[in-house]
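Before any comments, here is the structure.
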Number of protein chains: 2
Amino acid sequence: MAQIRHALTTKRADDFAAWYQEVISAADMAEESGVRGCMVIKPWGYGIWERLQRLLDDRIKETGHENAYFPLFIPLANFEREAEHVDGFAKEMAVVTHHRLIAGPDGGLIPDPEAKLEEPLVVRPTSETIIGDAMARWVQSWRDLPLKLNQWANVVRWEMRTRMFLRTAEFLWQEGHTAHETEAEAKEHTLRMLEVYRQCAEEDLALPVIAGEKPENERFPGAVETWSIEAMMQDGKALQAGTSHYLGTNFSRASGISFQNREGTETLAHTTSWGVSTRMIGGMIMAHGDDDGLRVPPRLAPWQVVILPMLRDNDEDAALIDYCEGLRATLAGQQVLGEKLRVLLDTKPGKAAAKRWDWVRKGAPVIVEVGGRDMQNGVVSMLRRDRLWDENSGKPAFETPTRESAGQTIPEILADMQAALLTEARDQREANITRGVASYDAVEKHFNSGAKYPGWVEVQWSKPTGAALDQVVERLKALKLTIRNVPTDGAPVDGACIFTGEPAVERILLARAY
Amino acid sequence: MAQIRHALTTKRADDFAAWYQEVISAADMAEESGVRGCMVIKPWGYGIWERLQRLLDDRIKETGHENAYFPLFIPLANFEREAEHVDGFAKEMAVVTHHRLIAGPDGGLIPDPEAKLEEPLVVRPTSETIIGDAMARWVQSWRDLPLKLNQWANVVRWEMRTRMFLRTAEFLWQEGHTAHETEAEAKEHTLRMLEVYRQCAEEDLALPVIAGEKPENERFPGAVETWSIEAMMQDGKALQAGTSHYLGTNFSRASGISFQNREGTETLAHTTSWGVSTRMIGGMIMAHGDDDGLRVPPRLAPWQVVILPMLRDNDEDAALIDYCEGLRATLAGQQVLGEKLRVLLDTKPGKAAAKRWDWVRKGAPVIVEVGGRDMQNGVVSMLRRDRLWDENSGKPAFETPTRESAGQTIPEILADMQAALLTEARDQREANITRGVASYDAVEKHFNSGAKYPGWVEVQWSKPTGAALDQVVERLKALKLTIRNVPTDGAPVDGACIFTGEPAVERILLARAY
């Protein structure tokens, strides 16, 4: 087996964190902005986000939600109304205190002391409290319910340690907010949106996830129940890829979202909220990237096929571009995975080989190169991003179908790759979950074994609460572990709690996490 | 002619400002949020914005731009580099000074004095200075140019007097930013994007506009040239609906956007920027709304056709819904104005007549009502929003085509309405521009005539600059007039300047403005 010269310097197996940074840079997705904790999302990274937005937005609308937009700034008073909520967010809020700059004594700009706000404003870290205000105005009767809203927005949480896409001070997300007549309906809706997220993760991002309820200590501040989808990264760590919260009447009490019910009694609404953010892109990178860069699942790729004519700045270029345009037009007229196929004929200046490797690192699903000889033979040279290398020769695994056959098979290849990436990630995850670990000692041994990427373990517990739960959390912290969730599809419970020795009531996943 | 009972309380002719507020509320588009100067954009208003985004985004991508995302927060130092720019914006900037809240002495929340930022951050009022930083990193050689970026974002300008959609502290917009090798190319691009805006306004919003250059005193802070599209509202006032700026090398000098040119010399790039915002929605309201509420041009309408079955909570409802569903499916399968037709079958509870008037106020282009008798006769009752009333009877001008014929003619009606709204607005505008006003006295007389809605006048001037221009601006201010722009398609110049008496060099439009 020949040696392969991969397109990145860092290998996943050597230094996963450094590899992650290198992919983002090599795929030209994002970069540090110079503003503390804020990144610049570059066109390829933003293009992927736009695709995710479009696909998830369709799913959110299909389930009966309407988009709206609420203020960036939230008065302090809104936060004062829900104690747990403010406790959860107060430590990391960006606060606006002035509305004008003037020249300071040393010539630089300073906030004008004369333009101090009477009441400081918080840059939204999440919008329950401001959307709650609006819901209180809009909901009067049970006939106004359910109220199902969604917002695409930027939010700010002043995190101390940031990492691109995974944890940034400003990030982009959607936040859904709904109000319902009854607890049962609101709880059902919480799970329905969790299922929407699961489908989006698996069908759109090819990211297999485990849906389940978060333990008490991991709940959203102010929530009664928090549910999550958890994905495994290639280093075996967990990434919370989306959350859905049943908020009970906590926020409706705080904001006054009450209505006259069917019996004529004034009643508090039951609310939910749920969000997915640019963090999902980080999950996609760490689940699908390889030692040659990013691999974008076809449904999410801004360009699914990139055609590169090998231009030579001579008379033959026009004919070569024509030949490529023939393929481009054939492909552009086709549907794949329920949408119009997205194909780019890239005629920008630059050497074809250099451009090929740029597109490999960016993770375009199919790359088609066409040189003069290909044209003469009526063929194209085609690379499939998830089967990049011929392991025998150590060279890129080009196939050379006729141009006509490429036009027919590429849509199938894209659909196949979408499925293959999901399967690959699911197999990798399942191989790295150790189930039925029966004692805390065994957990300790598992994570102290020296394995670089020890994955997740599934254990049973008695669901302790309060101080007993705190103790469990502290013990896990020593192993750098957290409880990810209680999988909805867990096997039956049949043993003792590994923490308390009491009869277990549910299965939980333990993992190191992002 | 019978008396018509219009759906709004306020008539445009009586109190245009109050009418504007009433339309926004009656069409359920937006409302005050309780946060100073910030509005809540409700689903119908946001749906219209989403349509505008989609259509304009397509145009921006077609002209070779890529979307990206840059930080919300801008360090003060970025502003200090371009003096005119900071002068223009410093007075209205929201400034973040703290990153944490704590409980204050009286129990309420206060910014934590221990968590004061070393360097305050400004919430972006526009992004030239932060995108300039990125461009400086990305542009090295002439081969990196042109660099054509666009961002969809929220921005904040701390305006003292706000009005929904037209002037809010936070607003949504797109801002395009490009860098070019030469002055000629950058200037050409500035005008190309102005033309994109003109097309979007006229073809998508049915909003006729006059494109032209702004006078020196109305330039964007830091720009060399500012161009605008100006629309006339039904009260004869002007609305600047979009601007495109040629920034020369002012911002590239401030940010260090330089490149090695084709001759190998380090050179400053020439940059442009251009933006359109939620203000455009305000323009659409004031151009197309009538005494019954909003009229949304079909290209922009989230729902172009709304079908209302007259449900009676009895056994016949199912058959009625089936009958309506037949029409819905027929319409949904058709294309209109280059896109899939958007049709809603509205089966929400509520009286059909009340729902009809809700949709009239919201401005849905075609409203179809279907009762039991319609169904028996195989017809539907159809209202066209721009021809709402039968002036003889004073009643809504329902037509009753067969269901099949409605399925065929509604797409034509929508296309016709899109064109009719543009024609109507253009006729109204042309009737209210007085051209060739030859003296300042005549201008004064025109605007002091007591006419409630005096429209615009076109005059000739010698294009004074500096102090002489300031004098002109002051004189116009006394009449509450501003110079809108120098139309690109103005008639030849053939007289004297109405201000200086010198030979005129161009024609300008004078108007009261939003």
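The values are calculated or read from the model by the stated rules, or taken from the named source; none is laboratory data. Since we're looking at a predicted model, the values are computed, not measured. Neighbour counts are summed over all protein chains in view; Cβ atoms, including those assigned to glycine, are modelled from backbone coordinates with ideal geometry. The accessibility values were calculated without ligands, DNA or RNA, using every heavy atom of the protein model including side chains. Shrake-Rupley method; radii C 1.70, N 1.55, O 1.52, S 1.80 Å.
Determine whether A:ILE102 is open to solvent by less than 40 Å² (accessible area, probe 1.4 Å), part of a strand (DSSP E or B) and either at the interface with chain B (Cβ under 9 Å from one of its Cβ atoms) or under 25 Å from B:TRP152 (Cβ atoms) (or both).
Here the answer is no, as A:ILE102 does not meet what is asked.
Checking A:SER127 against (1) more than 9 Å from every other protein chain (Cβ to nearest Cβ); (2) open to solvent by less than 20 Å² (accessible area, probe 1.4 Å); (3) more than 25 Å from A:GLU188 (Cα to Cα); (4) not acidic (Asp, Glu): exactly one of these is not met. Which one?
(3)
This table checks each residue for (1) hydroxyl-bearing (Ser, Thr, Tyr); (2) within 30 Å of A:THR265 (Cα to Cα); (3) in contact (Cβ under 8 Å) with a residue 24 or more places away in the chain.
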site: A:HIS98; (1), (2), (3): no, no, no
site: A:PRO111; (1), (2), (3): no, no, no
site: A:GLU119; (1), (2), (3): no, no, yes
site: A:MET135; (1), (2), (3): no, yes, yes
site: A:VAL139; (1), (2), (3): no, yes, yes
site: A:LEU145; (1), (2), (3): no, yes, yes
site: A:THR162; (1), (2), (3): yes, no, yes
site: A:HIS189; (1), (2), (3): no, yes, yes
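With A:GLY88, A:GLY132, A:GLY64 as the choices, which residue is in contact with a Lys or Arg (Cβ under 8 Å, 6 or more places away or on another chain), more than 7 Å from chain B (Cβ to nearest Cβ) and over 29 Å from B:ASP87 (Cβ atoms)?
Working: A:GLY88 fails: in contact with a Lys or Arg (Cβ under 8 Å, 6 or more places away or on another chain); A:GLY132 fails: in contact with a Lys or Arg (Cβ under 8 Å, 6 or more places away or on another chain).
Of the residues listed, the single one that is in contact with a Lys or Arg (Cβ under 8 Å, 6 or more places away or on another chain), more than 7 Å from chain B (Cβ to nearest Cβ) and over 29 Å from B:ASP87 (Cβ atoms) is A:GLY64.
I'd like to check which strands (runs of 3 or more DSSP E) are fully inside segment A:16-75 and have at least 2 residues that are farther than 26 Å from A:MET193 by Cβ and open to solvent by 10 Å² or more (accessible area, probe 1.4 Å).
Numbers: elements: A:30-32, A:39-41, A:73-75.
Passing ranges, in order: A:30-32.
For segment B:245-261, name all the residues that are within 23 Å of B:GLN199 (Cα to Cα) and either without any contact (Cβ under 8 Å) to a residue 60 or more places away in the chain or within 14 Å of the chain's Cα centre (by Cα) (or both).
B:HIS245
Examine segment B:253-262 for a residue that is open to solvent by 20 Å² or more (accessible area, probe 1.4 Å), on the phi > 0 side of the Ramachandran plot and out of contact with any His (no Cβ under 9 Å at 6 or more places or on another chain), and state whether such a residue exists.
yes
Consider A:LEU344 carefully, then state whether it is open to solvent by 30 Å² or more (accessible area, probe 1.4 Å), closer than 30 Å to A:LYS11 by Cβ, touching a residue at least 12 places away in the same chain (Cβ under 8 Å) and outside the structural domain of A:ILE281 (by TED's automatic domain parsing). Explain how you work it out, then say what you get.
Details: open to solvent by 30 Å² or more (accessible area, probe 1.4 Å): yes; closer than 30 Å to A:LYS11 by Cβ: yes; touching a residue at least 12 places away in the same chain (Cβ under 8 Å): yes; outside the structural domain of A:ILE281 (by TED's automatic domain parsing): yes.
Criteria met by A:LEU344.
Of all residues in segment A:322-336, which are surrounded by fewer than 17 Cβ atoms within 10 Å (Cβ to Cβ) and either without any contact (Cβ under 8 Å) to a residue 40 or more places away in the chain or hydrophobic (A, V, I, L, M, F, W, C) (or both)? It would help to see each step written out before you state the result.
Initial filter on segment A:322-336 (surrounded by fewer than 17 Cβ atoms within 10 Å (Cβ to Cβ)): A:322, A:325-326, A:329, A:332-335.
Passing the criteria: A:ASP322, A:GLU325, A:ALA329, A:ALA332, A:GLY333.
Each row is one residue, and each column tells you yes or no for (1) part of a helix (DSSP H, G or I); (2) in contact with a Pro (Cβ under 7 Å, 6 or more places away or on another chain).
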{"position": "A:PHE79", "(1), (2)": "yes, no"}
{"position": "A:ASP87", "(1), (2)": "yes, yes"}
{"position": "A:VAL96", "(1), (2)": "no, yes"}
{"position": "A:ASP106", "(1), (2)": "no, no"}
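Here are some residues: B:ALA77, B:ALA68. Which one is under 25 Å from A:TRP303 (Cα atoms) and touching a residue at least 40 places away in the same chain (Cβ under 8 Å)?
Details: B:ALA77 fails: under 25 Å from A:TRP303 (Cα atoms).
Of the residues listed, the single one that is under 25 Å from A:TRP303 (Cα atoms) and touching a residue at least 40 places away in the same chain (Cβ under 8 Å) is B:ALA68.
Would you confirm, using the coordinates I've provided, whether A:THR423 is open to solvent by 50 Å² or more (accessible area, probe 1.4 Å) and in contact with a helix residue (DSSP H, G or I) (Cβ under 7 Å, 6 or more places away or on another chain)?
Numbers: open to solvent by 50 Å² or more (accessible area, probe 1.4 Å): yes; in contact with a helix residue (DSSP H, G or I) (Cβ under 7 Å, 6 or more places away or on another chain): no.
No: the conditions fail for A:THR423.
Can you pull out the residues in segment A:361-376 that are open to solvent by 20 Å² or more (accessible area, probe 1.4 Å) and closer than 17 Å to A:TRP389 by Cβ?
A:ARG361
Please find, within segment A:476-493, the residue that is modelled with the lowest pLDDT out of those that are more than 25 Å from the chain's Cα centre (by Cα) and under 27 Å from A:GLU195 (Cβ atoms).
A:ALA491
Which one of the conditions (1) under 25 Å from A:ASP489 (Cα atoms); (2) of a type in the set (Lys, Arg); (3) touching a Phe, Trp or Tyr at 6+ places or on another chain (Cβ under 9 Å) does A:ARG192 fail to meet, given that it meets all the rest?
(3)
When A:GLU399 is evaluated against the numbered criteria (1) among the charged types (D, E, K, R); (2) at pLDDT 95 or above; (3) under 28 Å from the mean Cα position of the chain (by Cα), which criterion, by number, is the only one it fails?
Of (1) among the charged types (D, E, K, R); (2) at pLDDT 95 or above; (3) under 28 Å from the mean Cα position of the chain (by Cα), only one is false for A:GLU399: (3).
Which residue pairs have Cβ atoms under 7 Å apart, sit 6 or more places apart or on different chains, and have a first residue in segment A:407-432 that is touching a residue at least 60 places away in the same chain (Cβ under 8 Å) and small (Gly, Ala, Ser) and a second that is in a helix (DSSP H, G or I) and surrounded by fewer than 19 Cβ atoms within 10 Å (Cβ to Cβ)?
Pairs that qualify, where the first residue is touching a residue at least 60 places away in the same chain (Cβ under 8 Å) and small (Gly, Ala, Ser) and the partner is in a helix (DSSP H, G or I) and surrounded by fewer than 19 Cβ atoms within 10 Å (Cβ to Cβ), are A:GLY407/A:THR330.
Assess whether B:GLY107 counts as being surrounded by fewer than 23 Cβ atoms within 10 Å (Cβ to Cβ), facing chain A (nearest Cβ under 7 Å) and at positive phi. Steps first, please.
Working: surrounded by fewer than 23 Cβ atoms within 10 Å (Cβ to Cβ): yes; facing chain A (nearest Cβ under 7 Å): no; at positive phi: yes.
No.
Determine which member of the set B:ALA511, B:ALA468, B:ALA478, B:ALA504 is over 17 Å from B:ASN432 (Cβ atoms) and in contact with a strand residue (DSSP E or B) (Cβ under 7 Å, 6 or more places away or on another chain). Before the answer, list the steps.
Details: B:ALA511 fails: over 17 Å from B:ASN432 (Cβ atoms); B:ALA468 fails: in contact with a strand residue (DSSP E or B) (Cβ under 7 Å, 6 or more places away or on another chain); B:ALA478 fails: in contact with a strand residue (DSSP E or B) (Cβ under 7 Å, 6 or more places away or on another chain).
On inspection, the qualifying residue turns out to be B:ALA504.
This table checks each residue for (1) within 10 Å of chain B (Cβ to nearest Cβ); (2) of a type in the set (D, E, K, R); (3) open to solvent by 40 Å² or more (accessible area, probe 1.4 Å); (4) under 22 Å from A:THR278 (Cα atoms).
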site: A:PRO146; (1), (2), (3), (4): no, no, yes, no
site: A:LEU149; (1), (2), (3), (4): yes, no, no, yes
site: A:VAL155; (1), (2), (3), (4): yes, no, no, yes
site: A:PHE165; (1), (2), (3), (4): no, no, no, yes
site: A:GLU175; (1), (2), (3), (4): no, yes, no, yes
site: A:ALA179; (1), (2), (3), (4): no, no, no, no
site: A:ALA184; (1), (2), (3), (4): no, no, yes, no
site: A:THR190; (1), (2), (3), (4): no, no, no, yes
site: A:LEU194; (1), (2), (3), (4): no, no, no, yes
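Condition check ((1) outside the structural domain of B:ALA504 (by TED's automatic domain parsing); (2) over 29 Å from B:LYS11 (Cβ atoms); (3) surrounded by fewer than 17 Cβ atoms within 10 Å (Cβ to Cβ)) across all residues:
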| site | (1), (2), (3) |
| --- | --- |
| B:VAL380 | yes, yes, no |
| B:ARG387 | yes, no, yes |
| B:PRO396 | yes, no, no |
| B:ALA406 | yes, yes, no |
| B:LYS452 | no, no, yes |
| B:SER462 | no, yes, no |
| B:GLN471 | no, yes, yes |
| B:GLY490 | no, yes, no |
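Suppose the filter is touching a His at 6+ places or on another chain (Cβ under 8 Å) and within 14 Å of another protein chain (Cβ to nearest Cβ); does A:PHE73 pass it? Break it down stepwise before answering.
Values: touching a His at 6+ places or on another chain (Cβ under 8 Å): no; within 14 Å of another protein chain (Cβ to nearest Cβ): yes.
For A:PHE73, the condition - touching a His at 6+ places or on another chain (Cβ under 8 Å) and within 14 Å of another protein chain (Cβ to nearest Cβ) - is not met.
Would you say B:VAL139 is hydrophobic (A, V, I, L, M, F, W, C), surrounded by 20 or more Cβ atoms within 10 Å (Cβ to Cβ), under 27 Å from A:PRO111 (Cβ atoms) and modelled with pLDDT of 95 or more? Before you say what the answer is, go through the steps one by one.
Details: hydrophobic (A, V, I, L, M, F, W, C): yes; surrounded by 20 or more Cβ atoms within 10 Å (Cβ to Cβ): yes; under 27 Å from A:PRO111 (Cβ atoms): no; modelled with pLDDT of 95 or more: yes.
Spelling it out, it is not the case that B:VAL139 is hydrophobic (A, V, I, L, M, F, W, C), surrounded by 20 or more Cβ atoms within 10 Å (Cβ to Cβ), under 27 Å from A:PRO111 (Cβ atoms) and modelled with pLDDT of 95 or more.
B:THR10 is checked against (1) at pLDDT below 95; (2) of a type in the set (Val, Ile, Thr); (3) surrounded by fewer than 20 Cβ atoms within 10 Å (Cβ to Cβ) and fails just one. What number does that condition carry?
(1)
Given the conditions (1) open to solvent by 60 Å² or more (accessible area, probe 1.4 Å); (2) aliphatic (A, V, I, L, M); (3) closer than 26 Å to A:ASP204 by Cβ, report the number of the one that A:ILE413 does not fulfil.
For A:ILE413, the failing item is (1).
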